[in-house]
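Undergrad: Quick one: the structure is below, and I'll ask about it shortly.
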Amino acid sequence: MVFQLRTYQIKPNLMDEWLDLFHGAVVPLHEKYGLPVRTAWVDRETNTFTWVRELTGEGSAEEQEARYRATDERAEVIGDRPAAFIDSMVVREVESAFPAPDQPAGK
């Protein structure tokens, strides 16, 4: 499984609007195209938005991202709107470390 930890610096006073776009458009389209969102957090004090998505399709992360970005639906529903909210972003591929591979959750 491939996961991406994505950290965005959101422009001042735009977090709530960003969250509306994220929940209303980004999450559903990611789910539809095999990039499900697994969790997300907000640090309002620093205008930081952090989320994790899983890449469940065939090919590398770059190939899956390119296929998603090339869809007509993404262009119509989301387009370039995230740029209005995001000052900067850092994307890292990460792997799950909890629960331990040999231990079920909650033990």
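Undergrad: Search the range 76-105 for residues being assigned to a loop (DSSP other than H, G, I, E, B), of a type in the set (G, A, S) and without any contact (Cβ under 8 Å) to a residue 12 or more places away in the chain, and hand back the single one that is nearest to Y33 (Cα to Cα).
TA: Applying the first criterion (assigned to a loop (DSSP other than H, G, I, E, B)) to the range 76-105 yields 78-80, 85, 95-105.
Still in the running and of a type in the set (G, A, S): 79, 96-97, 100, 105.
Going one step further and asking which of them are without any contact (Cβ under 8 Å) to a residue 12 or more places away in the chain, we end up with 79, 97, 100, 105.
On the way: G79: 15, A97: 25, A100: 29, A105: 28 Å.
Selected residue: G79.
Undergrad: Taking the range 43-62 as the region of interest, how many residues are farther than 21 Å from E17 by Cβ and in a strand (DSSP E or B)? Write out each step before concluding.
TA: Quick first cut of the range 43-62, residues farther than 21 Å from E17 by Cβ only: 52, 54-62.
Retained after the next criterion (residues that are in a strand (DSSP E or B)): 52, 54-55.
Qualifying residue count, the range 43-62: 3.
Undergrad: Shifting gears a bit: So the check is Cβ under 7 Å with 6+ separation or different chains; which pairs have a first residue in the range 38-52 that's without any contact (Cβ under 8 Å) to a residue 12 or more places away in the chain and a second one that's in a strand (DSSP E or B)?
TA: The qualifying pairs are W41/T50.
Undergrad: Sticking with this one: Just to be sure, is E58 acidic (D, E) and out of contact with any helix residue (DSSP H, G or I) (no Cβ under 7 Å at 6 or more places or on another chain)? It would help to see each step written out before you state the result.
TA: Working: acidic (D, E): yes; out of contact with any helix residue (DSSP H, G or I) (no Cβ under 7 Å at 6 or more places or on another chain): yes.
Yes, satisfied.
Undergrad: Among the residues of the range 1-13, what is the count of those that are of a type in the set (A, V, I, L, M, F, W, C) and buried (at least 16 other Cβ atoms within 10 Å of the Cβ)?
TA: Kept after step one, since they are of a type in the set (A, V, I, L, M, F, W, C), are these residues of the range 1-13: 1-3, 5, 10.
Imposing the further condition that a residue be buried (at least 16 other Cβ atoms within 10 Å of the Cβ) reduces the set to 3, 10.
Matching residues across the range 1-13 total 2.
Undergrad: So which residues in the range 89-107 are modelled with pLDDT of 95 or more and surrounded by fewer than 10 Cβ atoms within 10 Å (Cβ to Cβ)?
TA: Selection gives R92 alone.
Undergrad: Just to be sure, is G59 surrounded by fewer than 13 Cβ atoms within 10 Å (Cβ to Cβ), at positive phi and either at pLDDT below 95 or aromatic (F, W, Y) (or both)?
TA: On the way: surrounded by fewer than 13 Cβ atoms within 10 Å (Cβ to Cβ): yes; at positive phi: yes; either at pLDDT below 95 or aromatic (F, W, Y) (or both): yes.
For G59, the condition - surrounded by fewer than 13 Cβ atoms within 10 Å (Cβ to Cβ), at positive phi and either at pLDDT below 95 or aromatic (F, W, Y) (or both) - is met.
Undergrad: To continue, here is another question. Spot the failing condition for V26; the list is (1) among the β-branched types (V, I, T); (2) outside any strand (DSSP E or B); (3) surrounded by fewer than 16 Cβ atoms within 10 Å (Cβ to Cβ), and only one is missed.
TA: (3) is the only condition that V26 fails.
Undergrad: Could you count how many residues in the range 1-14 are outside any loop (DSSP other than H, G, I, E, B), modelled with pLDDT of 95 or more and either β-branched (V, I, T) or at positive phi (or both)?
TA: 2
Undergrad: While we're looking at this one, here's another question. Hey, among E73, E17, which residue is more than 19 Å from Q4 (Cβ to Cβ), in a helix (DSSP H, G or I) and in contact with a helix residue (DSSP H, G or I) (Cβ under 8 Å, 6 or more places away or on another chain)?
TA: Details: E17 fails: in contact with a helix residue (DSSP H, G or I) (Cβ under 8 Å, 6 or more places away or on another chain).
Unique residue meeting the criteria: E73.
The values are calculated or read from the model by the stated rules, or taken from the named source; none is laboratory data. This structure is a prediction, so every number in the text was calculated from the model and none was measured. FYI the Cβ positions are ideal-geometry reconstructions off the backbone, even for glycines, and counts take in every protein chain you see.
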